[in-house]
Structures are given as C-alpha cells and as structure tokens.
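Quick note: the coordinates plus some simple rules give every number you see, no bench work behind them. Note that this is a predicted model, so its numbers are computed, not measured. With ideal geometry, Cβ positions are generated from the backbone for all residues, glycine too; neighbour counts draw on all protein chains shown.
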Amino acid sequence: MSNIVEVSDRLNAPLPFKPPSYKPAKRRHRFLRQILNDEAKRIQLKQQHAHDPNLVTYQSLSAPPSLRPTKTYCDITGLPTHYKSPHNQLRYYDKECYDIVKHMAPGVDQQYLALRSANVVLK
Amino acid sequence: MANKRTDEELPPRPAFPIPDFPAPTQPEPYYASYETGVPIAIDLGRSTTRIGLAKETSPNNVFPTVMSRFKDRRVNRMITLVGNDMYLDNVSKSNIRSAFDGPMINNWDVIEKVLDYGFLHCGVSSQGRVDNPIVMNEVLATPLQQRTSMMELLFEAYNVPKLAFGADCLFSYYQNGGSTGLVIGTGHDATHVIPVVEHKPVLSIAKRLDWGGRQATNYLMDFIGLKYPYFPTRLTTFQMEKIKQDYCYVSKDFSEEITHYLDLENLEKNDIVLEVPFTEVVKHQKTEEELQLEAERKREQIKRLHEQARERRLEKLVQKEADFSYFTGLKERMKSMNKREQIDVLRNEGFQDESEMNKHIANLEKSLKKARNEDIGENTSEEPPSFPLLEVPDEQLSEEQMKEKRKQRLMKANYDARMRAKQEKELAKKEAEEAAERDRKWRESDLSGWISDRRERLEKLIQRVKERKRLKEELTDRKSRAAQNRMKNIASLADEDRGAGRRKKTGNVTIDNDPNDTFGANDEDWAVYRAIAREEDDDAEEEVQQEILKIEEELLEYDPNFTVEDTLQRQFDWRNSLIHRFLRGPRNFDPEDQHQQHQIHINVERIRIPEILFQPSIAGVDQAGIVELAEDTLLRRLPGEKGFSGDESTEMMKDVFITGGQSLFQNFQERLDSDLRAVLPVGSPLRVRRAQDPLLDAWRGMAKWSLTDEARHSYVSRQEYAEYGAEYMKENNMGCVRL
C-alpha cells in the first residue's frame, strides 16, 4: 500500500532532469481520423507546391486491396462456406448454423457482421 | 450396440486456468550505472515500451505503455502509476489510460509520464536536461504532427542534445545482420513489408497492412464474446492477449485444416478448455434419512392427489351417464310427440333443432367411452354390494332412511359406472391383443412387408413432427402465409360473432367508447380466442414422440438394417451437432456443472486469428495479405522500380526476415515459406528466417546503431531544431523519411 504511494510520489516529484522552466503547452486531444485528415491536407498542399511522385506518406504506404479471389467463411463457426442468409447477409456453414442465424436476437447479426466490417453503419 | 461410444470411456478434458497478469511484488527496478553522453534507446511500442542505455545488451526496463491516474481513497490523494507498477494495485487497473488512438499518439500527457518514468528508471541524474542522445522508433512515414510533437517534447521537456528516429522492424533487421532482404515486421498495430537493398530500405514500394496484434486480440475478444454471450465473467484484454499468445498458431495448410477442425478426432487433439476462477457454491447435501423422508412425503401427496382426481373423474362419469340416459330417454319420448311439442321440448333444452340434439348425444357417447377408459379406481371387492333400500318405496321410509336411500342410490350409480367402465376396458384390451396377434402373424409371414409398413409409418410421423415445427416457426413470422391465414380467421370469426346487422362506426368512436362494440359484455365472447388459439399441441407432440419411440423399438428388434445410429434420438446426439462441438468441444455438456459454466473452448479460433495476416478479408480488412504483398514486392514492384532489376529480387528472396510479436506464432515461418514457394518461380532461392528475439531485437538494433558513424550523421541536434524547426529531419537507413 505505502508502496504505490512511494512509487507515485517519486514519479510526480519535480524530476531533476527536467528543466525547471518547462511548462507543458496546452495540448489538443486529436483523434486518429483528425490526425490523418490533417496529414492528408498537408500532403496535398505540399504536392501542389512542388510535385514529387515518389513522396512516401502514411497513406501511400497503405497496402492495396487483394487481387486474389476472397474465400468466405461461416460467421458463426469460421468454417469455409458459400451459403449466405438472405435475411441478414450472415454466412453460415450448415442447417444448424442457419437455425441460429435465422433466430438471432436483434442486433446480434450486426455484431457478427461488424467482425468483418460488413455491418450497416449509420452516419 | 457394440460401437456405441459412451461418455464414461472418454476421460474428461483438462481445463487450463485463464492466466492473469502476474502481479509484480517489487516496483520496477532502477538502473544504477547511468552515464551522460551514452545514447538512450527507446522502443516506444504501442503495447510495450523498452528503454535502456545503449551500452547494455538488453533494455533496462520493459513495461506496458500505459498510465493510470486515480484517487486513492485510503490516503485521499491522487496516485499516478505507469507501466508494470500499475499492477501493484487493484484500483489502478480500472483506470488505465492509453496514449494511443489506433497507431497514433493522441494523449501526449501519457507519453510525457511514460518518458518521465523511463528516464527516471534509467537513473538519469544530469541536472535540468537528459544529457544523452536519443534514438527512438516512430511509425513508418508518420504524420508530421506526430513527429513534431515528439521532437517538441524531447527537446523542450527534456533538453536532449540530439535525437534520431527509425522504424522498429528495420532496427531489428539491422540487429540480425541483414543487408539485402525483405523485412516483414508484425507490430502491435500494423504489419509492414519493406524491401531492403544493400542496407537501404526502398520505402517507395514498402507496404503497410493495417492488422497487428492489437486488432487480432480485439477480434478474438469480440469473437469469444459472441460465441459465449452469457459467460459469467468478462475477460480482460490482457487475458485475451495471453490466450492468443499461448494457444493460437499459424496453420501450415489452412484451407485443409479448417475443414476438419471441428471433427471429433481433431477436437480431441486441438480443443483447448479454459476456465476462469470462480467461487464454487456448495449445495447443501441432504442425508439419506432426509431424502427418504422427503420421498415418502412426496409419494403420500401424489397418492392423495391421484385419489382425488379419480374421485372427480368418477363423479363426472356418473354425471355424464345420467345426462346420456336422460337425453336418450327424451329422444325416445319425442318419437311419440307431435311436431309442435317436439319443438317446445327442444327449445326448453336449448337446442335449435333435432340434429343439434343428436350431435350432442353423439358427443356425450364419445366422451363417455373415453371417460370409461380412464382410471376411475377399480372396485376391489368381487361381490357386488347390495343396496336394499332402493327397492323400498319412499312412503315406507323414515327421514333417516330417506337420507340413507339417497346415499345408496349414489353409490349404486357409482358402482354401475365402474362396472361398465370395466367392461369397456376389457373390450379394448381384447381388441388390442387381437391387433397385436394379427401384427405378429403378419410379421412372421411377411417380414419385409411389415418392415416397409413400419418404416413408412415412422417416416410419416417424423414428417408430421417436422411439419408441426415448421408451422410453429412460420407463425412467429408476421408476414408468413400461416400467420396471415390465422389473422384472416380471427377477422372472420370476430365478424361472425357480431352478427350481420351491425352498423358502421360513425363519428369519433374509439376502441374505448364505441357503442357498437359490446365485445366482452358476455363472457362467452372470449371463447373466440379459444377457437383461434394456437394449437396447444404439447400433449399431441408427446403422443407422437411416444409412438415414434415405439416403432423405433420394434424396428430395432426386427429390422436388421435399422441400427441405433438411425434413431431419431441419435440424430440429435451432441456428437452430431456442429454447434455443440464448436461451443463445448468433444464432450457432452452439463449445464448444471459449475466448472463447465465457467469454461470456454478455443478451437477454430486457434488458427483463424493468425490466418487474418494471410487473408485479411476474414476480418473485413480490404488489403492484400502478407504473402500477396511479399510476392508483389519481389516479382513486380521491385523490378519495376527505377534502378533495380530481377537480380535484386532474387537476392532478396534469400533473406525474407520476420520480426515483431505476431511472428512468434508457431509455424509462422514454415507457412510463409510454403506459401511464398507456391507463388515464386520454380527454383527461387527462398529462405525465410525469424529474428533471434522478435520482441527485443528492435531495441538492441537501436542501441547498436546509435553508436555507429551512420547514426552520428543522422542525429538532429537541439541547435538544428531551434534553427530549422521540427520539419527538419535527416533521413537515415532505418526508415526515417523526410515528411
């Protein structure tokens, strides 16, 4: 118990290696999307200014979509399948899984779909 | 029966505890031999931070990049804990703050605390500054804002003399002595595929797959959450991560292995049972004596209830018999009446016409027959009791005797009813015996015909069960045909009952004040609901089940082609249920067992989670998997790039290097090797290797690199920072790009 107080005190006491004059600037809490948007704008401006086709940016590093045929798997069990429920687009392996898919509580189907980013997102 | 597997033959599956964080007994250690001027290498990972002076071979401190800030009630003060120290206290665990939103830093206060903590533990003792060059990792081609903020922090809050950035997987490659090769770094938030030619990374064709350890853990967590929606405890991210690390592995041949993963034989090998700790509720064990007493009491009660029911049934039977004889007598008498009288009599009895009465009588007869077959208590005495008073006319009897006579009349009625019931029963029994005899003869003379008849009947019964189930299901759907029909019936019934001359609703009539709506004024109105009630078919279903069982038994006995496996019950056996095997593994499930309630089974997930790196589409990530990325890089992107040829590609195949946390999955190397071999030209000199220590080599590479000449030219000094600003950066071979 006294342990954590000690540890905390040691961390929060004025640290010798920090300049005494240092005051942390007021920081804005930015979310991932904001950071990426700002960066995209900055890159756009920069490219307008002096175009550089080989510029490496965070966006340009992103891997392209796959060109191979995608395999489909049962959303419940993860086994390979080709069946898809017409009610809620869930993939299922067999009759037993379909029984589950058919009688799913409202919202659960969306949770399953969210696992493969196929859910409906309201904006 | 010989091949019937029983549960007793199978030993129970071992259940492993779900690991939790081993609480450190001591606070994080401090470094004793601090020196100024020696570079400090910081691998500020999204999950784990490693920090230490470059002269060491291993980082001094390895701790999770988290902070926890909370008010401690016991001492009434704010407490701030970082890294492993957080686990010293239980309250702090629920107040964890991360510095990251995805791969980006968004909480710089946490980062500052983490760095404070890191430098403190490195024993930095210089005054007013951290007098050491800093080598730190950053996200490859990180957004400028991230780097600017980090430089600001390091130069202004710590006054560091100079610093350099790089990508962790390239540091790891450097540590492992690579010069030309394809680096695949699987981090906590992303996976990079970076070609390196002669120590120089070709970043223009490097690719990032947005899938890392964090996403994999979250995916597993969501998947398990959906698999066991009613699991009593919530598993923490830490536990999930541990489960992933301990039990997931890369399948060498995924499409083949997954197809058979839920087979019983495979589950026997690969199903993992995990159990969370819980406090067992011990049920009060009753003694033998108590149990006996209880059973006795129960039996007694049941007996009494039976007797009462029997009495009631008998009373009803007598009543019915009286009714029956009354109406048949009436019918007889009516024959000698004229039309008018007949109608009067019928009206008095509440019938519309004669046919209605006949129907009533027929119904009575039917229910009588049924009632007689029910158990109404056998008269034990063989001798018929005598009722002497019944013969004596009323006038000769005293008050007392009259009472006695009434009683005797009742008793006689009871007795007669019983006797008639007995006869009825005997008749039924005889008929059944005869039928059985006929059946036996048929079987003996024409076995195949008999069997096909039984099979047909069984088939029909099963079909009926299915049909009923389907109908029930359809009724739950408002739009189905069955449900629509039902609605129609309701509507027409309601209309019929109201009569034809009903006026149309006018004015502001609501359901509450409609003067025409007299529904419910008469109690019999509610019978409409009984008429349209969904078939209460529990009893009927039970009957059908009994019959199916009976036929199955017969077939089992006489049909050589009908085995236990063919019975309906066997088809619903847990072994045949895919979902059962998926949820509960290769053993039966006892929902009462407290241990089993607190267990989860990990089976398909074991290979599914690591597979996402190879097939990101499983998790809905619209990017190519690492094999496709590597193939494209080796065969297309690199030869297409200016200044490179196929020779570099061939050279690169000789050293495909994997590092980072996810490369620790078992078989990762073998799978990558076989998948790449499948797509590369025949005879390619492919060689896949893994970092010596996929977790710490990045830090070691930083430490080693920080002392080299190259590093000396790559550092940005405080002076340069002050002069040129944060956008000024020197590119180096460790993946630091000018933004």
Karplus 3J(HN,Hα) series, Hz, for region B:297-304 with 6.51 cos²θ - 1.76 cosθ + 1.60 (x for Gly, Pro):
4, 4, 4, 4, 4, 4, 4, 4
Would you work out which of B:THR36, B:LEU676, B:GLY128 lies farthest towards the positive end of the dipole of chain B? Charges go on Cβ: Lys and Arg +1, Asp and Glu -1.
B:GLY128
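Which whole-number percent is the relative contact order of chain B (Cα, under 8 Å, 6+ apart)?
Details: 908 pairs, mean separation 178.0, N = 739.
Relative contact order, chain B: 24 percent.
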Read phi for every residue in region B:658-669 and hand back ³J(HN,Hα) as whole Hz from Karplus 6.51 cos²θ - 1.76 cosθ + 1.60, θ = phi - 60°, with x for Gly and Pro.
10, 8, x, x, 6, 6, 6, 4, 4, 6, 4, 4
Go through region A:115-123 residue by residue and turn each phi into a ³J(HN,Hα) via Karplus (6.51, -1.76, 1.60, θ = phi - 60°); whole Hz please, and just put x for glycine and proline.
4, 10, 6, 10, 7, 7, 10, 8, 10
Using only the alpha carbons of chain B, determine the length spanned along each of the three principal axes and report them from longest to shortest in whole angstroms.
137, 70, 70
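So what's Rg/Rh here for the protein assembly as shown, counting alpha carbon atoms and using the Kirkwood radius for Rh?
Working: Rg = 41.9 Å, Rh = 35.7 Å.
Ratio value, two decimals: 1.17.
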Less than 27 Å apart at the alpha-carbon level, and either on another chain or at least 8 residues along: which lysines does that give for B:LYS283?
B:LYS298
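Taking R0 as 56 Å, what FRET efficiency do you get between A:ARG33 and B:GLU543 from their Cβ-Cβ distance, rounded to the nearest 0.05? Present the calculation step by step, with values, prior to reporting the outcome.
Numbers: r = 63 Å, r/R0 = 1.13.
Efficiency at R0 = 56 Å is approximately 0.35.
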Let me check the size of region A:38-123 from its C-alpha atoms; what are the radius of gyration and Dmax in Å?
20.2, 61
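Averaged over A:24-37, how many beta carbons belonging to a partner chain fall within 10 Å of each residue's beta carbon?
On the way: counts 7, 6, 0, 8, 3, 5, 10, 4, 7, 3, 4, 11, 5, 1.
That works out to 5 on average.
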Could you tell me the center-to-center distance, by alpha carbons, between region B:176-239 and region B:294-355 in angstrom?
81 Å
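Ratio of alpha-carbon Rg to the 2.2 N^0.38 Å globular estimate for region B:662-739, to two decimals, please.
Numbers: Rg = 19.0 Å, N = 78, 2.2 N^0.38 = 11.5 Å.
After normalising by residue count via 2.2 N^0.38 Å, the value is 1.65.
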All other residues with a Cβ under 12 Å from the Cβ of B:LYS269 taken together, and with Lys, Arg as +1 and Asp, Glu as -1, what is their net charge?
-3
Where does helix B:237-247 land angle-wise versus the long Cα axis of chain B, in degrees 0 to 90, nearest 10?
90 degrees
Between beta-carbons, use under 10 Å as the cut-off and find the net charge around B:ASP109, counting Lys and Arg +1, Asp and Glu -1.
+3
At 7 Å along Cα-to-Cβ for each site, give me the label-to-label distance between B:THR57 and B:ASN576 in nm.
6.3 nm
Can you give the FRET efficiency to the nearest 0.05 for B:GLU731 and B:THR259, using r as the Cβ-Cβ distance and R₀ = 45 Å?
0.40
Under a point spin-label approximation (7 Å from Cα along Cα-to-Cβ), what is the B:ASN667-B:LYS71 distance to one decimal in nm?
5.3 nm
Give me a single rounded figure for B:100-107: the average over its residues of other chain Cβ atoms within 10 Å of their Cβ.
5
Please identify which residues in region B:471-491 have an amide N closer than 12 Å to a label point set 7 Å out from the Cα of A:HIS103, following the Cα→Cβ vector.
B:472-474, B:476
Taking the Cα centre of region B:535-595 as origin and charging only Cβ (+1 Lys, Arg; -1 Asp, Glu), how large is the dipole, in debye to the nearest 20?
900 debye
Listed by chain and number, the aspartates and glutamates with an alpha carbon less than 19 angstrom from that of B:LYS472, same-chain partners under 8 positions apart left out, are A:GLU96, A:ASP99, B:GLU535, B:GLU536, B:ASP537, B:ASP538, B:ASP539, B:GLU541, B:GLU542, B:GLU543
Could you grab the relative contact order for region B:67-202? Cα pairs under 8 Å, six or more apart, rounded to a whole percent.
15 percent
Reachable aspartates and glutamates from B:LYS403, criterion Cα separation under 18 angstrom, eight or more residues apart if same chain:
B:GLU391, B:ASP394, B:GLU395
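Please report the net charge: other residues with Cβ closer than 15 Å to the Cβ of A:ARG68, K and R +1, D and E -1.
On the way: positive: A:LYS71, B:ARG636; negative: B:GLU611, B:ASP622, B:GLU628, B:GLU631, B:ASP632, B:ASP675.
So the surrounding residues net to -4.
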Please list, in chain and number order, the residues 5+ apart from B:GLN666 or on another chain whose amide H is under 5 Å from its amide H, with Hs placed from the backbone.
B:VAL250
Among region B:579-622, those whose backbone N falls under 14 Å of a label point 7 Å along Cα→Cβ from A:TYR83 are B:579
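May I ask you to order B:428-435, B:672-679 by the average number of other C-beta atoms within 10 Å around their residues, highest value first?
Working: B:428-435: 10.4, B:672-679: 16.8.
Ranked from most to least packed, the peptides come out as B:672-679, B:428-435.
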Using a Förster distance of 22 Å, how high is the FRET efficiency between B:SER204 and B:LYS654, based on the Cβ-Cβ distance and rounded to 0.05?
0.50
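Which entries in B:LYS55/B:LYS113; B:LYS370/B:LYS430; B:LYS366/B:LYS425 show an alpha-carbon gap greater than 21 Å?
On the way: B:LYS55/B:LYS113 24 Å; B:LYS370/B:LYS430 16 Å; B:LYS366/B:LYS425 14 Å.
Pairs exceeding the cut-off: B:LYS55/B:LYS113.
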Multiplying the sequence separation of B:ASP323 and B:LYS369 by 0.36 nm and subtracting their Cα-Cα distance, what value in nm do you get?
15.2 nm
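Arrange the following residues from fewest to most other Cβ atoms within 10 Å of their Cβ: B:SER255, B:SER706. Mind dumping the intermediate values first?
On the way: B:SER255 11, B:SER706 26.
So the residues, fewest neighbours to most, are B:SER255, B:SER706.
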Could you tell me how far the Cα centroid of region B:646-698 sits from the Cα centroid of region B:7-42, in Å?
29 Å
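Classify region B:145-243 as rounded, prolate or oblate from the Cα gyration tensor: take a ≥ b ≥ c as the square roots of its eigenvalues, call it rounded if a/c is under 1.5, otherwise prolate when a/b beats b/c and oblate if not.
Values: a/c = 3.00, a/b = 1.58, b/c = 1.90.
Note, shape of region B:145-243 comes out oblate.
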Which of B:ARG310, B:ARG606 has the fewest Cβ neighbours within 10 Å, and the rest in rising order
B:ARG310, B:ARG606
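Lysine pairs in region A:1-111 with Cα distance under 28 Å, only those 8 or more apart or on different chains: how many are there? Intermediate results must be reported in sequence, preceding the final value.
Working: A:LYS18/A:LYS26; A:LYS26/A:LYS41; A:LYS26/A:LYS46; A:LYS71/A:LYS84; A:LYS71/A:LYS95; A:LYS71/A:LYS102; A:LYS84/A:LYS95; A:LYS84/A:LYS102.
Qualifying lysine pairs in region A:1-111: 8.
Please state the relative contact order of region B:232-371 as a whole percent: Cα pairs under 8 Å, 6+ residues apart?
Values: 23 pairs, mean separation 27.3, N = 140.
RCO, region B:232-371: 20 percent.
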At 7 Å along Cα-to-Cβ for each site, give me the label-to-label distance between B:ALA362 and B:GLU315 in nm.
3.2 nm
